[in-house]
1. Looking only at segment 57-78, which residues are of a type outside the set (Asp, Glu) and under 12 Å from PRO162 (Cβ atoms)?
2. Would segment 301-319 turn up any residue that is at pLDDT 95 or above and in contact with a Lys or Arg (Cβ under 6 Å, 6 or more places away or on another chain)?
3. Would you point out which residue out of LEU112, LEU141 is aliphatic (A, V, I, L, M), at pLDDT 95 or above and under 22 Å from ILE241 (Cβ atoms)?
4. With the condition kept exactly as written, say whether any residue in segment 203-215 is among the charged types (D, E, K, R), over 27 Å from LEU339 (Cβ atoms) and not in a helix (DSSP H, G or I).
5. May I ask you to verify whether LEU19 is more than 30 Å from LEU154 (Cβ to Cβ), in contact with a helix residue (DSSP H, G or I) (Cβ under 6 Å, 6 or more places away or on another chain) and either modelled with pLDDT under 90 or not assigned by TED's automatic domain parsing to the domain that holds LEU218 (or both)?
6. Name the one entry in LEU277, LEU269 that is modelled with pLDDT under 95 and surrounded by 17 or more Cβ atoms within 10 Å (Cβ to Cβ).
7. Within segment 141-153, is even one residue closer than 22 Å to LEU218 by Cα, buried (at least 20 other Cβ atoms within 10 Å of the Cβ) and of a type in the set (S, T, N, Q)?
8. Within segment 150-173, is even one residue over 25 Å from ALA97 (Cβ atoms) and part of a helix (DSSP H, G or I)?
Amino acid sequence: MLTAQSLFGAAAEKNASDLHLIVGHRPVLRISGELYDLDKEEVLTEASMEKILSQIVTPQQMERFRIEKELDLAYANEGVRFRVNLSWERGHISLAARTIPQIIPTMDQLELPPVVQGFTELSHGLILVTGPTSAGKSTTLAAMIDDINAKRRLNIITLEDPVEFLFDAKQSIIRQRQLESDMVSFAEGLKHVLRQDPDVVMVGEMRDLDTIATTLTLAETGHLVFATLHTFSAPQTVSRIIDVFPPHQQTQIRLQLAMTLRGVISQQLLPRLGGGLVATREILVNTPACANLIRENKVEQIKNVIQTGAAIGMTSYAQDLKRLVKDGLLAEEVAENYLLASSDAQK
């Protein structure tokens, strides 16, 4: 019999990154980037899906889901946490769940370069972790926050939807606030966070104009701010932030972004030779030359700054993919295909 406990338990047991439940299909797991049916399980019906949801969703959440047609929540099964999204598909409920590792990996375990580790030592400014869905953004962000937590005595506040990694206070104190249960919106949470004496603020996702505007202002007022964005590259990230504002505000936003941005880490997970996944990253450090390009609306030239900035830790996707192939971590064909795909995505 299909139950939430058995399905989420199977995802944890098989080290799956994702669980997919779709009416008319058997349950599906994503393992090392590939999708696999749970062949021994029955095909999901409307009734079995409703029963599974009744085990993980409160009546209040279900009522909101039926009105808003989308719902994000956190769910724990035998100590393993999942980020769950519910949506509708041709009149049927669909579920996608992402496994959240129980232990926050260190920056060394994620093979984050020294320049990224240096971002955690800053006193103020904006650090962005970007990439498409399933690129490991939340894990990278959690590793950076936990590094600060372990080494510095600061007040850290996170705004998340939902709360994913659970931090234990070490040197720092940490408050983790969840959308809906702890705040009305990211923008509202950010507006009031200054009254909570923060040193470091983590914004789970800059998803709208108000959140982006408030995040920039917060970084401008002397706080260290970390946030994520669904963009494919560092230059595209800068363009996306500016373009979300109306034309009459963009000059001001370029000035603000040039002053507050400290770095961008764009990443993607690719199949590792020998099994598993490996991260490829593009890293931008906002040097005076880069800040000048942002102010002068010459964002397309940031790519050249990245390609020539190896001495201070910058790297482009092309350069990083070449390194991964040379180190025997990535097949050359995979690297070439990704470069083509990412080039098309950025057009």
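1. Hits for segment 57-78 are GLN61, LEU71, LEU73, ALA74, TYR75, ALA76.
2. The answer is no, given that none of the residues of segment 301-319 is at pLDDT 95 or above and in contact with a Lys or Arg (Cβ under 6 Å, 6 or more places away or on another chain).
3. After applying the criteria, what remains is LEU141.
4. yes
5. Taking the combined requirement at face value, the residue satisfies it.
6. Result: LEU269 is the single residue among LEU277, LEU269 that is modelled with pLDDT under 95 and surrounded by 17 or more Cβ atoms within 10 Å (Cβ to Cβ).
7. Checked segment 141-153: at least one residue is closer than 22 Å to LEU218 by Cα, buried (at least 20 other Cβ atoms within 10 Å of the Cβ) and of a type in the set (S, T, N, Q).
8. The answer is yes; a qualifying residue exists.
The values are calculated or read from the model by the stated rules, or taken from the named source; none is laboratory data. Quick caveat: nothing in here was measured; it's all calculated off a predicted structure. Quick reminder, even Gly has a Cβ in these numbers, built from the backbone with ideal geometry, and neighbours come from all protein chains shown.
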